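The values are calculated or read from the model by the stated rules, or taken from the named source; none is laboratory data. Worth saying up front: this structure is predicted, and the values here are computed from it rather than measured. Here Cβ is always computed from backbone atoms with ideal geometry, including for glycine, and neighbour counts include all displayed protein chains.
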Amino acid sequence: MELNSFYDFYANNWISNVIIVVGATIIALLLAYLLPFFDNKICNKIGLNLQGGVSSSKNADKSAIIRKIILWVAFVVYLFFLFYLVFLARTPNPDYVVRNAGFSIFTMTWQDIELPEEEFIEFYLNVMVFIPMGYLLPYIFRWFRNHAWSRSLIMCFVSSIVIENLQLITKRGTYDTADVIADTFGGFIGIALYMHRAYTLTNPEWRKDFKYYKRWKKLAKNGVLFPFSKKLAINRVIIQATDEDEIWNFYVKDLGFQIKKIIIPKDVTQTNLLLSMGRTSLEVHCLNKQNDIPSQTIVLAHHNMDGIKRRLDKANITSECGTDPYTNHRILTVMGPDNTKVIFLET
């Protein structure tokens, strides 16, 4: 079925209007509530931890890949449906117009100006069509999940702009700024549903975390570093060691740290090394003599814990798997020189 506009389908047909509105609403709500419910049930059954902790299944890596592929396929199917709805289901319209309705659909209603019901139905459908995008982006992709509100909402807005401009180029549908508003609002609802349902399901202590966050937010405004908090990060860790050769073999040869600088102070046996890995620097003070050194810990964070584990095993470096008690995320612990713990934390 090809259309010049949605109007051709539901104009003057109240039965079709009811079916479309109710159907679109049910699909959006089922997506929001049933997807995380069954996903969580299945993952619990196969021993795959969705909260970031250690999975109980030996085949957790394969299960995680299969789950990711299924979710990606579902997202691609949704994109194809969206592409079909806004392009393939419509024929080029020689009378194509550009509308700048914006919020006028509401302002005119407040001014008691009667508008065709199709205007409201089309606005509502545009909202419903973009709810899955706002929901699935943070649900499937880590990059969007890390900043669910900002990144996902911007992506929904940009996607709507792209769709409207492609419709303008192909003369299909109608270029309308009201559609951009509706699409973005639909993405906003999708993100809100994700936060309300999927996020809380995989973060059972979210209420406690949110309580601590509000308390910190209230107190931190008077803190010296608060204005710099978004760009502030730990860049250098300082440790002590007894043997320079052991430091070289473990951190440089085995782990792959780069030596940035070596400083040898005068009249002492100590050697100071500055090592780097990406944006992280490790400052090592080698005493070059036997001495009692207190327990030390280095924590390195990365999202690809499975890849790090494979590389450690390949290098014959013994690592111990565990769960971080504060974040419930997976950790790998490696013992370095002088019983220094090197912990890899999954982000």
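For region 216-248, give me each residue that is assigned by TED's automatic domain parsing to the domain that holds MET277, in a helix (DSSP H, G or I) and more than 19 Å from THR280 (Cα to Cα).
GLU244, ASP245, GLU246
Quick one: which helices (runs of 4 or more DSSP H) sit completely within region 85-193 and have at least 3 residues that are modelled with pLDDT of 80 or more and either surrounded by 14 or more Cβ atoms within 10 Å (Cβ to Cβ) or not assigned by TED's automatic domain parsing to the domain that holds GLN51 (or both)?
117-140, 148-170, 177-193
I need a count of the residues in region 288-318 that are surrounded by 11 or more Cβ atoms within 10 Å (Cβ to Cβ) and within 30 Å of ASP209 (Cα to Cα).
Number of matching residues: 13.
Within region 256-324, considering only strands (runs of 3 or more DSSP E) that don't extend past its boundaries, which have at least 1 residues that are under 23 Å from GLU244 (Cβ atoms) and either of a type in the set (Val, Ile, Thr) or at pLDDT below 90 (or both)?
Passing ranges, in order: 258-263, 271-277, 280-286, 297-302.
Give region 325-347 a look and list any residue that's part of a helix (DSSP H, G or I) and either modelled with pLDDT under 90 or not charged (D, E, K, R) (or both), or say none. Walk me through how you get there before you give the answer.
Our first condition is that a residue be part of a helix (DSSP H, G or I); within region 325-347, this holds for 337-339.
PRO337, ASN339 - these are the residues of region 325-347 that are part of a helix (DSSP H, G or I) and either modelled with pLDDT under 90 or not charged (D, E, K, R) (or both).
Hey, does region 272-294 have a residue that's in contact (Cβ under 8 Å) with a residue 40 or more places away in the chain, more than 21 Å from ILE239 (Cα to Cα) and touching a Ser or Thr at 6+ places or on another chain (Cβ under 7 Å)?
No; the residues of region 272-294 include none that is in contact (Cβ under 8 Å) with a residue 40 or more places away in the chain, more than 21 Å from ILE239 (Cα to Cα) and touching a Ser or Thr at 6+ places or on another chain (Cβ under 7 Å).
Restricted to region 199-231, and to residues that are more than 19 Å from the chain's Cα centre (by Cα) and hydroxyl-bearing (Ser, Thr, Tyr), which residue is modelled with the highest pLDDT?
Restricting to residues being more than 19 Å from the chain's Cα centre (by Cα) and hydroxyl-bearing (Ser, Thr, Tyr), the top hit is TYR212.
Could you say which residue among SER63, SER55 is part of a loop (DSSP other than H, G, I, E, B), in the same structural domain as TYR135 (by TED's automatic domain parsing) and more than 14 Å from TYR139 (Cα to Cα)?
Going through SER63, SER55 in turn, just one is part of a loop (DSSP other than H, G, I, E, B), in the same structural domain as TYR135 (by TED's automatic domain parsing) and more than 14 Å from TYR139 (Cα to Cα): SER55.
Could you give every pair whose Cβ atoms fall below 7 Å, whose first residue belongs to region 129-148 and is within 26 Å of PHE87 (Cα to Cα), and whose second residue is charged (D, E, K, R), counting only separations of at least 6 or pairs across chains?
Between residues of region 129-148 that are within 26 Å of PHE87 (Cα to Cα) and residues that are charged (D, E, K, R), the close pairs are PHE130/ASP183; PRO138/ARG145.
Just one of the numbered conditions (1) within 26 Å of THR200 (Cβ to Cβ); (2) modelled with pLDDT under 70 is not true of ASN17; which one?
With respect to (1) within 26 Å of THR200 (Cβ to Cβ); (2) modelled with pLDDT under 70, ASN17 is out only on (1).
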